[in-house]
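The values are calculated or read from the model by the stated rules, or taken from the named source; none is laboratory data. For clarity, every value in this text was computed on a predicted model and none was experimentally measured. We place every Cβ from the backbone using ideal geometry, glycine too, and count neighbours over all the protein chains shown. These area figures cover heavy atoms from the full protein model, side chains too; ligands, DNA and RNA do not enter into them. Shrake-Rupley method; radii C 1.70, N 1.55, O 1.52, S 1.80 Å.
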Amino acid sequence: MGGLEDEEPASKRMKVSSEKLKGLSNGLSVVEPLGGSSRDLMARPLQSEGDSGDVIGSKGVIKRVEFVRIIANALYSLGYKKTGAYLEEESGIPLHSPAVNVLMQQIHDGKWDESVETLQTIGLSDENIVKAASVLVLEQKFFELVERDKVTEALRTLRTEIAPHQINEKRIRELSSCLVSPSMRAQANSSCQRSAKAKSRTQLLEELQKLLPASLMIPEKRLEHLVERALLLQRDACTFHNSLNKEMSLYTDHDCGKNQIPSQTLQVLQDHSDEVWFLQFSHNGKYLASSSSDRSAIIWEVDLNGRISLKHRLLGHEQPVSLVSWSSDDSQLLTCGVEEAVRRWDVTSGECLHVYEKAGFGLVSCGWFPDGKHILAGVSDKSICMWELDGNELEGWKGQRTLKISDLEITNDGKKIISICRDTAILLLDRELNVDKLIEEDQIITSFQLSKDNKFLLVNLLNQEIHLWNLEGEAEIVTTYTGHKRTRFVIRSCFGGLDQAFIASGSEDSLVYIWHRGTGEVIEALEGHSGSVNCVSWNPTNPHMLASASDDHTIRIWGLRELDDVVKFKNTEQYSSSNGNGPNGVHYSNGGTS
């Protein structure tokens, strides 16, 4: 019986001879010369695309010929040359026409005059493309003559072959300079640098491939491009997308679902003895810093398994600590007491390195310049001051520059300082141009945060709205987020998730709210805290880790809602380091300066 009838006709099972393999297209690789001159190889049309069976797929939009040619192109790109040749043979659909094969062989062999002649025969209807392609070929001829020190022949090629094509005068001068000064060749064209000829000619084929119509020479890695584009379109259409690209698969359509949003409490940190007002992950995601009404700040360490433990307790402030700010390299931390002083700490040792004060005034906010050598602080007289790390005051911006309750941000290039300058306006101070730009709201502003790319500003308002401002060009509101509660306290929100695709915020109803950044839709309202949630921070290197700070004296660490995580949480929900030395040798720092 033999099961399935697998005895194919001889014509189907016969192996392609090695000579036939050589004669088939193979992407940008070399092919055996075909008989006859290029004059006899006027471009023959590829297999008709109007015959029956010319379309495949359930939607009837994929042309069989194009599909097969693109697969063959992909096989050659991946190095599967024999398989690509077999596909061409069995399907009867060549990757390239005979004329294009001849052109590729001529270029590989350095037969420049014949290549220019063949360009006239491969079916190009646009004379501008023919001219541009011819110039590319002739320039290659020119450069190789120069490399071989055949200056007279190179000059003749420039004058009698390239110049008549009427390319711009600047390019002619650049090419001429190669004859006068060989050191200027690289400025005229990178391919004139000394390298293997085969490599240089392959680069020429790649340039021609971009110039010629795709129906003649399919762009390299076209299938990869199409598949990648399809995956990215699926990713962009995924409302809850919060997984790394490496987790996407070709085997199934991509759909994250809500399980990729951190929504399960994995840890409760209980080391503060009063309301926790502020917290922020370090740029590298390895640390979390929190500040509290208990007049302390804490540096927490995130281990490789996502477990967070107390590293240093920072003591020394005489008032509640309202803000913290990480240096760009995460080696140091600033803490700001309420209308008091700003302290700078070493993250490794927990030592207080310097205390910054302004005689007769209190400091209300703080921030780092990107260079890590200067710090900024908002002052209670509504000005902004800048210091060197050693405490030397450099300059200040007086007038209505900040409020007693204000956030402070500096753009990544260090050129703009952002602060709330009055109840309903945010100041964008351009240090270089010394120009003020205002973002004005109709409601009182309570806090704001700048996006990682510095293109957007998230603004919290008194009327229980959060506005997303686009700062490029004329600043404008692009999305509004609602649903959270705010009546009495300063509530802070943040960007977060993969590519900062989500917005999270605290709320006075003890919930943590998460919105889709683009649509403004509430996708989660997380329960767990028993007091107002004052601040949230999303780990910038782990899209599945979110932290929240509350008036209930705790910090909650949120992760993915998975069975293993739930079990971990049940076993460790009451985790808290001791009031003396904690796990892993953590210890207090007394805040004294060295």
**Report entry** Zone residues, region 67-83, relative to residue 230, backbone N less than 17 Å from point 7 Å out along Cα-to-Cβ
**Finding:** 67-75
Query raised in the report: What is the gain in length, in nm to one decimal, between residue 423 and residue 541 on full extension, counting 0.36 nm per residue of separation less the C-alpha to C-alpha distance?
Result: 39.1 nm
Report task. Express in Å², to the nearest 10, the accessible area of residue 86 obtained by rolling a 1.4 Å probe over the protein heavy atoms while all chains stay in place. Result -> 90 Å²
**Report entry** Per-residue ³J(HN,Hα) for region 463-474, Karplus 6.51 cos²θ - 1.76 cosθ + 1.60, θ = phi - 60°, Hz, x for Gly and Pro
**Finding:** 8, 6, 10, 10, 10, 9, 9, 8, 8, 6, x, 6
Query - Zero-based 5 Å bins, Cα pair distances in region 454-547, whole percents - result: 3, 15, 25, 26, 20, 9, 3, 1, 0
Query - Phi to ³J(HN,Hα) by Karplus 6.51 cos²θ - 1.76 cosθ + 1.60 over region 114-130, Hz, x for Gly, Pro - result: 5, 4, 4, 5, 5, 4, 6, 10, 8, x, 8, 8, 8, 5, 5, 5, 4
Query raised in the report: Rg(Cα) of region 387-532 divided by 2.2 N^0.38 Å?
Result: 1.10
Query - residue 520 long-range amide H proximity, modeled H, under 5 Å - result: none
Query raised in the report: Which length gain, in nm to one decimal place, applies between residue 109 and residue 78 when the Cα-Cα distance is subtracted from 0.36 nm times their residue separation?
Result: 8.8 nm
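Cα convex hull of region 262-303: how many Å³ per residue? Kindly include the intermediate steps, with their values, before the conclusion.
Numbers: hull volume 3.8 nm³, N = 42.
For region 262-303, the hull spanned by Cα atoms encloses 90 Å³ per residue.
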Report summary line: Cα-based Rg/(2.2 N^0.38 Å) for region 217-319, rounded to two decimals, is 1.67
Report task. For region 322-341 and region 252-321, write down the distance between their C-alpha centroids in whole Å. Result -> 15 Å
Requested in this report: Could you please put 152, 482 in sequence from largest to smallest accessible area, using a 1.4 Å probe?
Outcome: 152, 482
Report task. Using only Cα atoms, locate the centre of region 63-138 and the centre of region 461-525, then give the distance between them in Å, rounded to an integer. Result -> 54 Å
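What does the convex hull of the Cα atoms of region 338-402 come to per residue, in Å³, rounded to a whole number?
Numbers: hull volume 5.6 nm³, N = 65.
Each residue corresponds to 85 Å³ of Cα convex hull volume.
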**Report entry** When each of 416/455; 286/415; 358/382; 382/485; 382/437 is checked by Cα-Cα distance, pairs over 20 Å
**Finding:** 286/415; 382/485
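Work out, step by step, the length gained on full extension between residue 509 and residue 436: first 0.36 nm times the residue separation, then minus their alpha carbon distance; give nm to one decimal. Write out the running numbers ahead of the final one.
Values: separation 73, 0.36 × 73 = 26.28 nm, distance 3.70 nm.
Stretched fully, the residue 509-residue 436 segment lengthens by 22.6 nm.
Net charge within 10 Å of residue 273 by Cβ-Cβ distance, Lys/Arg positive one each and Asp/Glu negative one each, not counting residue 273 itself?
Numbers: positive: 295; negative: 271, 274, 275, 294.
Taking every other residue near residue 273 into account, the sum is -3.
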